[in-house]
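First comes the structure, then the notes that go with it.
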Ligand code: GDP
C-alpha cells in the first residue's frame, strides 16, 4: 500500500461497507460472485482488491461496470467495500460502535419465492439497526420466456421483454413490494423512487446473467454518496477502530484476528486493545496481512505483509496473546491516546452487548458476540430465561452449569454455530442435560420450544390420566331397566366423558348428595369403559333405588374431588374439550353457590 504525503481528496472519505442478506438459496453468494467477477472482467487486473473477509470495488470500476448509470465525476466516495460472508448471521456479528458495521445492505429476495422466514428475520435486523438497504429481486432470468441480455442495466432489458414475460415478472415484483408493505415499508421499483430515505428501492437483477447488476451498483453508490457522506467523513489518518470478524489459527503466526476496519488506520507495531473472553487484551501488532494478489497465487505464501491499512478494509492482524479474543468484539488502536481510556472504551462497548442473565434458565453458547446478542434477543422475545451466555464451543463446564438449573426444562444448552468439544459430549452422555445445536437462530429456538411443549404435553397427559374427569348426564324417561342392586337406567351424556367406576352425585337445589357408584356402561348391549357426550347408553349404578334416591329425568354428575376440580380449572382447562369444560364449570358453579371458595 502506497503512503503518499499528500493524500488525495477521496482519502478523507472512507469507503462505505456493504453487506448482503437474505433467505438461504435466494442468491446472496451468486450475487457477490457476479459483482466480483464482472469487476474483474470489466477492468484490467487490480480493478478490485481482495481483502481479508471483504472485497473492495473502487469507484472507477463501479463506474465502468455501471456504464451510463454512474458518472465518476458525480462522486467523491472511493468506492464500495463488500463483506464477503453473506447472511444475517455475519451481519449481526459485524457490529461497530452503536450499531451495524455495514453502512448499507442488499436484501436479496428470489423473485419466484418471495419473502421467506429468513427474509423477514433479516428485515427485522435491518429495521432494528436502522441500516439503509435496497432489495435485489434476484433470478429475473427464470421468468418464463425471458430473453436474457447479459450484463445489461435492467430497464432496457425489462423493456425489451415480451409483454407476457414482463407481466409475469411484474406480478412477482409487486408481490414482493406488497410483502414489504406488510412489514410496514413503502417500496417501489427503484426507477420510480424519488426519495430513497422514505421508500425502499426494489431492483430486479439476475446473478446469473448479470442483468441489473449495473443498477444495483449505481443505486448503492448513489445512496451512499447522497445520504452517508457525513458518516463517511472520518479521520482516516487517526487511530483505527474495527470489529473482529473471526479468530483464526495461522501457521507461523498463532492466533490471528480477521478484522474489518471501519475507522482510521492500523499500522504494524501499533498497540491495540481487543475484547476477549477474560476481559480486554492489550497487545502489539506484529504483522498486518492481506491475501496475495491473484497474480502471485502460485507462491507458497497465502498472505502478503503490509505496513498499514486504512478504513474501510478487511485485514488480518497477527499479534501475541490473541487466543482469548472474541469474534464480534471491538479492536482499537491506542497510538497517541491514553491506554486506559481505550480500555475503558472497549469495555463500555462490550458492556453494551452483555446479555442479561438470571438465577434460573438455560445455557447459551454462540460463536460471536453479535450472534450471542441476537440469541439473547430472540430468547427474550420467546420468554426463555438465560442462566449463562458465552461466546465459545460447548465445553464440559457448560454441561455442569446447565445441570444446576432447577427446572428440568432449563437443564439445556442452546448452541449456535459452535462445536461441541469431545469431552463435553462424554459429559452430555452421562447427564440429564440436553443439547440443542443449530446454525439458524429461529430453528434452534423452535426445536427447544417443541421439546418443552412435548414435555408439558406428556406431563399433562399423566396428570389427566390420574384425575377424575367431569361429566353431566341425564336419566331418560321410560328407560328404567332395573330398580336397584344395581339400578340400571338409560342415560344421555350431556357434557364430558362418562367413565365406569366413577362416583355419582345429584344436586338437591345446591346441595350435593352422593347417590352411588357406576358399575357398568353398555352401549347397544356391549360393555364400554367410557362414553363421550352426545351418546345414549345404559348404566348400572350401585347404591340407589329408582323412585327413591333417583328418578327418571334426573340430572346426575360425576363426583369430583375438590382437589381434582382445582387442578382441572387452574392448570388443565386449556387441555380438555369444550363440553368437558362446560361440565366442570357447571359443577363448580353449583358448589360455589354454597361455598364461593370451593376448589380455589
Ligand atoms: P445463497 O444461499 O443465498 O448464497 O444462494 P446461492 O448464491 O448459493 O444461490 C442458490 C442457487 O440459486 C444456486 O444454485 C445458484 O446457482 C442459483 N442462482 C442464484 N442466483 C441466480 C439467478 O439470478 N438466476 C438463476 N437462474 N439462478 C440463480
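The values are calculated or read from the model by the stated rules, or taken from the named source; none is laboratory data. Quick caveat, the model's predicted, so the values are computed rather than measured. Here the Cβ is made from the backbone with ideal geometry for all residues, glycine too, and neighbour counts use every protein chain on show.
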Original post:
Is at least one residue of region 295-303 within 24 Å of residue 50 (Cβ to Cβ), under 37 Å from the mean Cα position of the chain (by Cα) and surrounded by 22 or more Cβ atoms within 10 Å (Cβ to Cβ)?
Top reply: no
Subject >> Enumeration of residues in region 204-229 that are in a helix (DSSP H, G or I) and either over 21 Å from residue 72 (Cβ atoms) or within 16 Å of the ligand (Cβ to nearest atom) (or both) >> reply: 213, 214, 215, 216, 217
Subject >> Meets criteria (modelled with pLDDT of 85 or more and surrounded by 23 or more Cβ atoms within 10 Å (Cβ to Cβ)) for residue 57 >> reply: yes
Original post:
Out of all the residues in region 83-104, which are crowded, with 20+ Cβ neighbours inside 10 Å, in a strand (DSSP E or B) and either at pLDDT 95 or above or away from the ligand (no atom under 16 Å from the Cβ) (or both)?
Top reply: 95, 100, 104
**OP:** Consider residue 399 carefully, then state whether it is in contact with a strand residue (DSSP E or B) (Cβ under 9 Å, 6 or more places away or on another chain) and in a loop (DSSP other than H, G, I, E, B).
**Re:** no
**OP:** Provide a single number: the residues in region 12-22 that are in contact with a strand residue (DSSP E or B) (Cβ under 7 Å, 6 or more places away or on another chain) and either at pLDDT below 90 or more than 16 Å from residue 79 (Cα to Cα) (or both).
**Re:** 3
Original post:
Any residue in region 504-518 that is at negative phi and part of a loop (DSSP other than H, G, I, E, B)?
Top reply: yes
**OP:** Return yes or no: is residue 328 in contact (Cβ under 8 Å) with a residue 40 or more places away in the chain, within 30 Å of the chain's Cα centre (by Cα) and either in the same structural domain as residue 52 (by TED's automatic domain parsing) or at positive phi (or both)?
**Re:** yes
**OP:** Would you point out which residue out of 215, 188, 163 is more than 20 Å from residue 22 (Cβ to Cβ) and at pLDDT 95 or above?
**Re:** 163
**OP:** Answer with yes or no whether residue 408 is touching a strand residue (DSSP E or B) at 6+ places or on another chain (Cβ under 6 Å) and surrounded by fewer than 20 Cβ atoms within 10 Å (Cβ to Cβ).
**Re:** no
Subject >> Index of the failed condition, residue 113 passing every other in (1) within 16 Å of the ligand (Cβ to nearest atom); (2) in contact with a strand residue (DSSP E or B) (Cβ under 7 Å, 6 or more places away or on another chain); (3) in a loop (DSSP other than H, G, I, E, B) >> reply: (2)
Original post:
Among the numbered criteria (1) touching a residue at least 12 places away in the same chain (Cβ under 8 Å); (2) surrounded by fewer than 20 Cβ atoms within 10 Å (Cβ to Cβ); (3) more than 24 Å from residue 48 (Cβ to Cβ), which single criterion is violated by residue 172?
Top reply: (2)
Subject >> Tally, over region 531-556, of residues that are under 55 Å from the mean Cα position of the chain (by Cα) and exposed (fewer than 14 other Cβ atoms within 10 Å of the Cβ) >> reply: 2
Original post:
For region 365-387, how many residues meet the condition of being outside any helix (DSSP H, G or I) and over 18 Å from residue 275 (Cβ atoms)?
Top reply: 6
**OP:** Please find, among 108, 120, the residue that is on the phi < 0 side of the Ramachandran plot and part of a helix (DSSP H, G or I).
**Re:** 120
Subject >> Any hit, region 444-460, residues being modelled with pLDDT of 90 or more, assigned by TED's automatic domain parsing to the domain that holds residue 535, more than 25 Å from residue 581 (Cβ to Cβ) and surrounded by 17 or more Cβ atoms within 10 Å (Cβ to Cβ) >> reply: no
Original post:
Within region 143-158, can one find any residue that is in the same structural domain as residue 221 (by TED's automatic domain parsing), closer than 29 Å to residue 94 by Cβ and in contact with a helix residue (DSSP H, G or I) (Cβ under 7 Å, 6 or more places away or on another chain)?
Top reply: yes
**OP:** Could you please let me know if residue 513 is crowded, with 17+ Cβ neighbours inside 10 Å, modelled with pLDDT under 95 and touching a strand residue (DSSP E or B) at 6+ places or on another chain (Cβ under 8 Å)?
**Re:** no
